[in-house]
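Engineer: The structure that follows is given in the form of structure tokens.
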Amino acid sequence: MDARKFSTHVLDTSVGKAAASVRVTVSVLDEIQEWRSLRAVQTNADGRCQLLEAGEFPSGVYKLKFHVGAYFAERNVNTLYPAIDIMVDCSENQNYHIPLLLNPFGYSTYRGT
């Protein structure tokens, strides 16, 4: 394993602020093509979190499950999405930062830096 980093940043575009306390579950696609859960993390007050630490992030296909239903429920906001799954091919030897732009009825993601 190398010293790559894997991170995210969740922004609630409906209020123009970072989405704090969003739970994110990280899974990896294993050799028999099944998802294996690795860990669960939570975004900080800035909406950011480190998904996997340096040294525990080998090349592979990863799934990030953003548990946004609880985030919106805490704010008494109805949402179409109780959770959002994003699958990412992390096969290149570099850092991966995957932001999520979120609102109750839509979302967007991209490869950040």
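The values are calculated or read from the model by the stated rules, or taken from the named source; none is laboratory data. The structure displayed is predicted, hence computed values, not measured ones. Cβ atoms come from the backbone with ideal geometry, glycine included; neighbour counts cover every protein chain shown. All accessible areas refer to the heavy atoms of the entire protein, side chains included, with ligands and DNA or RNA removed. Shrake-Rupley method; radii C 1.70, N 1.55, O 1.52, S 1.80 Å.
Engineer: Just to be sure I understand the filter: pairs with C-beta atoms under 7 Å, separated by 6 or more residues or on different chains, first member in the range 19-37 and within 24 Å of Leu101 (Cα to Cα), second member at pLDDT below 95 and crowded, with 16+ Cβ neighbours inside 10 Å. Which pairs pass?
Structural biologist: Going by the 7 Å Cβ cut-off, the qualifying pairs are Val26/Leu52.
Engineer: Being at pLDDT 95 or above, outside any strand (DSSP E or B) and open to solvent by 50 Å² or more (accessible area, probe 1.4 Å) is the filter here, so list the residues in the range 33-54 that pass it.
Structural biologist: Residues satisfying the conditions are Gln33, Glu34, Asn44, Ala45, Asp46.
Engineer: How many of the residues making up the range 91-113 are among the hydroxyl-bearing types (Ser, Thr, Tyr) and either surrounded by 15 or more Cβ atoms within 10 Å (Cβ to Cβ) or outside any loop (DSSP other than H, G, I, E, B) (or both)?
Structural biologist: The total comes to 4.
Engineer: Here's a check for you: in the range 39-52, which residue that is without any contact (Cβ under 8 Å) to a residue 24 or more places away in the chain and within 18 Å of Arg4 (Cα to Cα) is nearest to the chain's Cα centre (by Cα)?
Structural biologist: Val41
The rows are residues; the columns are (1) open to solvent by less than 70 Å² (accessible area, probe 1.4 Å); (2) in a strand (DSSP E or B).
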{"site": "Ser7", "(1), (2)": "yes, yes"}
{"site": "Leu11", "(1), (2)": "yes, yes"}
{"site": "Val15", "(1), (2)": "no, no"}
{"site": "Glu56", "(1), (2)": "no, no"}
{"site": "Tyr62", "(1), (2)": "yes, yes"}
{"site": "Lys65", "(1), (2)": "yes, yes"}
{"site": "Asp85", "(1), (2)": "yes, yes"}
{"site": "Asp89", "(1), (2)": "no, yes"}
